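What follows is one structure encoded as structure tokens, with my remarks underneath.
The values are calculated or read from the model by the stated rules, or taken from the named source; none is laboratory data. Just so it is clear, the model here is predicted, and its values are computed rather than measured. Note: ideal-geometry Cβ built from the backbone for every residue, glycine included; neighbour counts use all protein chains shown. Side chains included, ligands, DNA and RNA excluded: accessible areas come from the protein's heavy atoms. Shrake-Rupley method; radii C 1.70, N 1.55, O 1.52, S 1.80 Å.
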Amino acid sequence: MSEVPILKETTRTTGREALRNNITAAMALAGAVRTTLGPLGQDKLLIDDEGRTMVTNDGVTVLESAKVEHPVAKMLINASTTQDRIARDGTTSAVLLSAELLQNAWELVLQGVHPSAIARGYRQAEEACRGHFAELIIEANDDQMLAAARTALSGKIHGAMQIHLAELAVKAATAVVEERPTGNVADPTRVKILTQTGGSMTDSSVVTGLVLAKKRVSDRMPKHLASGKIALVDGGLERREIMSNVKLNVSDTGVLESFRQKEKAILLEQINHLVDLGVTLLACKDGIDDDVHSALCEAGIQAYRRVARSDLDLLARGTNATLSHDIKGLRKTDLGVFIKSTNERWNGVMHWIVETEEGGATFVAKGSTNETVGEVERCFGDALGVACQLLEEPHLLAGGGATQVALARHLRRFAEGFAGREQLAVEAFADALEIVPRTLAQNAGLDPLDSLLQTVAQQATDGTSAAHHIGLNVEKKVPSNMVSDGVVEPLRITRQVLAGATEAALSVLRIDDVLWAKQDPTAPDLPGGDETETGP
Ligand code: ADP
Ligand code: MG
């Protein structure tokens, strides 16, 4: 029997051929983002099916919008997406490193090293790097936190704005950090983003507390409230709509009137319930009927209707309140506390500002056009991610390839301890790490090899305890102390780049058989062929 019937409709590649094809796909993918790495990286113009355009130099954005068919390329894109989710940065580096690990593995395969020996060596190398981080990390102080937030913006926006956004990001992150017994938690999603088109991007600011572009339901309600209790309702304070299939038989005009009165009485009862609970601030997801406004005003309640669910969630986290489905069911324990609630007019629009004990901050993104506001918002998000990470784990590493060069030097010494073929794999891992400084140099128009050799030599001969801070500063175009230059990154980014890239490379190395279905079953049949049309 020559062919197993079940594999009839498939194209099969096995062994080396399969590995070679997969590695070619990985290299092609890396080639697509290589030129975007670093502050002097180039931008890509992305055009979608409908002709919409976007200019970006963010690796993961490029990859996610590319129409990639190859399954191995998709695996690497997934690694890059995970990188984005966990560390919010380092996406280009992750793809470059995994492709480089695979390319170096291929060269070892050609020399007769089995992929499983390479996989073992790679795993040990990654572990050795993790063990070595302790000697490379720098404890982040306030200045370095600013520098790290700024490094995340290098190449994405102009210099003055980098400094401004880095300061705002640190301010916002500090406002949302929570001290827990297990350590600090700084969740960037607790920072509310408010966008305003018009004005200059340098006018963007951070306000402590939550700011919503909302107006209280009646001007007669108090404009400013000092501390008090807040109720959050995932519903409204309004009459129920009469269902369309319900028939009301009105025999007398008074019946309808008493029906309405009864409905209003139910709403007033709910307001009384709020007064009994001592609520002075009310936010509802749905409407608040006009004819109960005066009752709310008399009760001294400041009320807001049609508040977005996401904003209610932010309010709940800031005030420690629990969202209730209706007012009737509200209990004392569901209420939250606020320090201040005010209304201010900004550029002709009323805004509601709530300050709470649990902190919370709002970033007001400004810019002259929608595009610039979007850019400011994205950049702020990147810097905020870094600031939040550092408040949770205040460890930094030197950027500009300094850390990768130091790790590669460490691995080469570590490799000497191996007698078997894993030694070659550990060395190949060290070589692969150098893709970061090499690519940074190339994108800065420098010779990648010369720049790398200079950096390695300076680290080796430096002799001080700061040798591993020496990297390639692409702005100065020479090796330099990256920590003094303020190019630093959270440890979490590099740790995740290494873990993610190694994992992705290992899963590709494990494949030795690729079965492609000859025809994609999800593809629609092409028109034409031998079928004749039937019908009237
Ligand atoms: P990624 O998607 O991997 O984060 P980036 O395009 O953001 O890619 O580039 C990040 C790299 O650029 C990091 O290795 C960082 O250390 C480096 N970098 C940032 N600023 C400088 C600089 N002035 N000189 C050299 N390298 C820098
Ligand atoms: Mg980056």
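A simple rule links phi to the HN-Hα coupling: the Karplus curve 6.51 cos²θ - 1.76 cosθ + 1.60 with θ = phi - 60°, which for the stretch 474-490 gives 6, 6, 7, 6, 9, x, 7, 6, 5, 6, 5, 7, x, 9, 9, 9, x Hz, with x for Gly and Pro. Tell me the angle of helix 402-415 to the major Cα principal axis of the chain, expressed in degrees between 0 and 90 and rounded to the nearest ten. Taking the Cα atoms of the chain, the angle to 402-415 is about 50 degrees. The packing ranking, built from the mean of other Cβ atoms within 10 Å per residue, places the peptides 503-510, 180-187 in the order 503-510, 180-187, highest first. Whole Å is fine, so just give me how far the alpha carbon centre of the stretch 46-69 lies from that of the stretch 292-360. First find each Cα centre; the distance between them is then 40 Å.
Relative to the longest principal axis of the Cα atoms of the chain, helix 142-151 runs at roughly 70 degrees. Average accessible surface for the chain: 50 Å² per residue, computed with a 1.4 Å probe over protein heavy atoms with every protein chain in place. In a Debye calculation with equal point scatterers on the alpha-carbon sites of the chain and no solvent, what is log10 I(q)/I(0) at q = 0.05, 0.07 Å⁻¹? Scattering profile of the chain, log10 relative to I(0): -0.31, -0.57.
Sorting 328-338, 476-486 by average packing, meaning the other beta carbons within 10 Å per residue, from highest down gives 476-486, 328-338.
Where the centroid of each part is defined by its Cα atoms, how far is the stretch 128-205 from the stretch 384-399 in Å? Distance between centres, Cα-based: 8 Å.
Counting only protein heavy atoms and a probe of 1.4 Å, the accessible surface of the chain is 50% carbon and sulfur. Contact order for the chain, expressed relative to its length and based on alpha carbon pairs under 8 Å spaced 6+ residues apart, stands at 25 percent. Let me know the shape class of the stretch 430-498, please: from the alpha-carbon gyration tensor, a ≥ b ≥ c as square roots of the eigenvalues, rounded when a/c is under 1.5, otherwise prolate if a/b is greater than b/c, or oblate. It comes out rounded by the Cα gyration axes.
Taking amide H atoms as placed 1.01 Å from N in the peptide plane, the amide H of Q302 lies under 5 Å from those of L281, L282, each 5 or more residues away in sequence or on another chain. Amide hydrogen proximity for S324: with H placed 1.01 Å from N in the peptide plane, the residues at 5 or more positions away or on another chain lying under 5 Å are L232, V233, D234. Here the sum of -39500 (n - 2.57) over DSSP H runs of 4 or more residues, divided by the residues of the chain, equals -15000 deg cm²/dmol at 222 nm, to the nearest 500. Computed 3J(HN,Hα) for the stretch 461-471, one whole-Hz value per residue from the Karplus formula 6.51 cos²θ - 1.76 cosθ + 1.60 where θ = phi - 60°, is 9, 4, x, 8, 6, 9, 4, 6, 8, 7, x, glycine and proline marked x. Charge dipole of the chain (Cα centre as origin; +1 on each Lys and Arg Cβ, -1 on each Asp and Glu Cβ, all else neutral): 880 debye, rounded to the nearest 20. Per the Debye formula on identical point scatterers at the alpha carbon atoms of the stretch 272-327, with no solvent, log10 I(q)/I(0) at q = 0.14 Å⁻¹ is -0.38. Sort the stretch 175-226 into rounded, prolate or oblate with this rule: let a ≥ b ≥ c be the square roots of the eigenvalues of the Cα gyration tensor; rounded if a/c is under 1.5, and if a/c is not under 1.5, prolate when a/b is larger than b/c, oblate otherwise. Here the stretch 175-226 falls in the oblate category.
In order along the stretch 133-140, phi translates into HN-Hα couplings of 3, 3, 7, 9, 6, 10, 6, 7 Hz, rounded to whole numbers, per the Karplus curve 6.51 cos²θ - 1.76 cosθ + 1.60 with θ = phi - 60° and x for Gly and Pro. Computed from Cα atoms, the angle from the helix 309-319 axis to the main principal axis of the chain rounds to 90 degrees.
The alpha carbon gyration tensor of the stretch 290-363 gives principal lengths a ≥ b ≥ c with a/c of 1.5 or higher and a/b no greater than b/c, which makes the shape oblate.
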